[in-house]
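Read the structure below first, then the notes.
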Amino acid sequence: MAYNLLKGKRGIITGALNENSIAWKIAEKAHEEGATFVLTNAPVAMRMGEINSLAEKTGSQVIPADATSVEDLTNLFTQSQEILGGKVDFVLHSIGMSVNMRKNIPYTESNYDYFLKGIDISALSFHKMLSVARKLDAINEGGSVVALTYMAAQRTYPFYTDMADIKAMLESIARSFGYHYGLEKKVRINTVSQSPTKTTAGTGIKGFGDFFDYAQAISPLGNADAESCADYCITLFSDLTRMVTMQNLFHDGGYSSTGVSNEVMTKLGVE
Ligand code: NAI
């Protein structure tokens, strides 16, 4: 059911790789809620071409941009304003990649070139995006920016390797930039800390399937899926959350507040 929560709002949505992507669901919901937006992804990710069907479905244009390139991001924000007919009201950062994780390199033996690449793609890109938007004055007063993160930023999950540190940086950028952008333009910046979700990035994590089941058994509401994450992000883009900023918001079915569940105790054989 749609509520017209984003009626008249314009946005930029990154990271929709295929229909499993969290960003894909967010784009579908944003469209349902009345928003117009531009879709973007790294030029290399577009070769698969799946984004075109989402663009068609949502009446959006696609602008390729490597999120590590300030030049590409400048072009993205400039062109988006031209296409959408004004400043944007919301931006989604849904970008993550760790070469160390992809290559199954243990955290203690991290390759530093890969580590730096991971930081650039998954965290610094958020700063670059915000900095470009601010310089161009491309976000309307009261606008909302959301980045997706994971709880490994607060607690250790050995298989999450260098992405844990990278997500901690991403969340910190939301707070730091949120202060400045909030003061200047009332622009809100938050991170949403999402349950394990079956996407390309998610299932690339070693042992993801078992961990997904574990998180499911811990969370009183079960794991939050991509669609419910999209619903939550829509509320954050809407005016209903206009005083929420600089927060890391858990969207995880209660996982982050649960020590242990009866289900897990039973699985361990504890009566
Ligand atoms: P996904 O693989 O569908 O999305 C990741 C996106 O990052 C892809 O569209 C990819 O093309 C894009 N990307 C990679 N390098 C890029 C670059 N240089 N420039 C621009 N875009 C680039 O996977 P998913 O799960 O939807 O990931 C979205 C976000 O959600 C990520 O930040 C991820 O860490 C986060 N997240 C995912 C969870 C999961 O279990 N799937 C849990 C918590 C957070």
Residue list for the range 1-23, restricted to those being crowded, with 24+ Cβ neighbours inside 10 Å and more than 7 Å from the ligand (Cβ to nearest atom): Leu6, Gly11, Ile12, Ile13
- prompt: When you scan the range 223-245, how many residues do you find that are part of a loop (DSSP other than H, G, I, E, B) and farther than 25 Å from Ala201 by Cα?
  reply: 5
query: Any idea which of (1) under 19 Å from Ala226 (Cβ atoms); (2) in contact (Cβ under 8 Å) with a residue 24 or more places away in the chain; (3) among the hydroxyl-bearing types (Ser, Thr, Tyr) is the one Ser53 doesn't satisfy?
result: (2)
task: Tell me which of these Leu236 doesn't satisfy, since it passes every other one: (1) under 18 Å from the mean Cα position of the chain (by Cα); (2) within 12 Å of the ligand (Cβ to nearest atom).
output: (2)
- prompt: Out of Gly222, Gly254, Gly202, which single residue is over 28 Å from Asn4 (Cβ atoms) and at pLDDT below 95?
  reply: Gly202
field: Options Ser122, Ser110; residue that is more than 13 Å from the ligand (Cβ to nearest atom) and crowded, with 18+ Cβ neighbours inside 10 Å
entry: Ser110
message: Go through the range 130-152 and report how many residues are within 10 Å of the ligand (Cβ to nearest atom) and either in a loop (DSSP other than H, G, I, E, B) or hydrophobic (A, V, I, L, M, F, W, C) (or both).
response: 5
task: For the range 179-187, indicate whether the set of residues that are among the basic types (Lys, Arg), modelled with pLDDT of 95 or more and under 24 Å from Ser257 (Cβ atoms) is non-empty.
output: no
field: Neighbours by Cβ (under 7 Å, 6+ apart or cross-chain): first from the range 72-98, more than 19 Å from Val146 (Cα to Cα); second away from the ligand (no atom under 16 Å from the Cβ)
entry: Thr78/Leu136; Ile83/Gln61; Leu84/Arg10; Leu84/Thr36; Gly86/Arg10
field: Positions within the range 160-174 being touching a helix residue (DSSP H, G or I) at 6+ places or on another chain (Cβ under 7 Å) and in a helix (DSSP H, G or I), in sequence order
entry: Tyr160, Met163, Ala164, Ile166, Lys167, Ala168, Met169, Leu170, Glu171, Ile173
- request: Answer with yes or no whether Asp165 is modelled with pLDDT of 95 or more, within 15 Å of the ligand (Cβ to nearest atom) and among the charged types (D, E, K, R).
  value: yes
- line: (1) modelled with pLDDT of 95 or more; (2) surrounded by fewer than 18 Cβ atoms within 10 Å (Cβ to Cβ); (3) out of contact with any Lys or Arg (no Cβ under 8 Å at 6 or more places or on another chain) all hold for Gly49 apart from (1)
Matching residues, the range 158-195, being under 19 Å from the mean Cα position of the chain (by Cα), closer than 25 Å to Asn111 by Cα and of a type outside the set (A, V, I, L, M): Tyr160, Thr161, Asp162, Asp165, Lys167, Glu171, Ser172
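The values are calculated or read from the model by the stated rules, or taken from the named source; none is laboratory data. Quantities reported herein were computed from a predicted structural model and do not represent experimental measurements. Because the Cβ atoms are built from the backbone with ideal geometry, glycine has one as well, and the counts that use them run over all protein chains shown.
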